[in-house]
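Here is the structure we will look at.
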Amino acid sequence: MINVSAYPLCAKKLKFQRVNLDEPTMTKFWAAVCVADDCLDEQLTDFGGFDFNDRSPANGARLLKRLEEFLVQRQQRYAKNSVSAKLADDGLIALLGSRGIKTSMLKSEDDYWTAAEILFSGRIKRNGGLTSLYTQIHAIPKKQRKALANENLRKLPADWLSSAPAHQAKLDQERAPRTGDAA
C-alpha cells in the first residue's frame, strides 16, 4: 500500500477515481499517472516540470508533489474566476438597475440578456455568460449607453420597469414650463 496523504488534492482525485492503493502493483508513479490522466495535457504542459519517462518511486513522489502544486494553483485560479464572475453579476445588476430596470424581476440569465438586448439594441450579441454581457455593456461609451437606454426603456415589459423612472418622468413633466402660463 502506498501513502498519498502528503498530497491531499491528489488523494482526493484518486479516491474519486476509486483507485485501489492497496494493490501490490500500485506505486507513486502509477498514482501520479492516474491523477495526471484526469487533467488536460495542455494545462500540464503549460505548468511544466513533469517527466513521465522515469518510472522510479522517487520520480513518482516528485510527480505527485508537482501535480499537487498544479492542482492547488488551478483551484486558486477557479476560485478567483468565480469571485470575478460574482462581481460582474453585481455590476450588471447595478448597471441595469440604474437604467430603471427592476432587476428583482429578472429571474434567469436569459432575462438579463433579453433586457440588455432591448435596452442597448444592436450593441449586444449573445456569446457567453453574464460576465460577457457586463463586458459588452461596459464597452459601450457612457453617453451612448444613456441615450440608448432612454430611447429603448419603454420597449421593455412593464413589470420589469422600476417605478422610479416613471416617478422621475412625472416630476420632469411638472417642472416643464407650461404653455399658456402668464409670465
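The values are calculated or read from the model by the stated rules, or taken from the named source; none is laboratory data. Keep in mind that this is a model prediction, so the values were computed, not measured. Here the Cβ positions follow ideal geometry from the backbone for every residue, glycine too, while neighbour counts run over all protein chains shown.
So here's what we get for this one:
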item	result
Enumeration of residues in the range 7-42 that are of a type in the set (A, V, I, L, M) and surrounded by fewer than 12 Cβ atoms within 10 Å (Cβ to Cβ)	LEU40
Lone unmet requirement of (1) modelled with pLDDT of 90 or more; (2) of a type outside the set (D, E, K, R); (3) out of contact with any Pro (no Cβ under 9 Å at 6 or more places or on another chain) for PHE29	(3)
When residues of the range 105-146 are limited to those that are of a type in the set (Gly, Ala, Ser) and at pLDDT 85 or above, the one surrounded by the most Cβ atoms within 10 Å (Cβ to Cβ)	ALA116
Any hit, the range 79-100, residues being at pLDDT 85 or above, in contact with a strand residue (DSSP E or B) (Cβ under 8 Å, 6 or more places away or on another chain) and aliphatic (A, V, I, L, M)	no
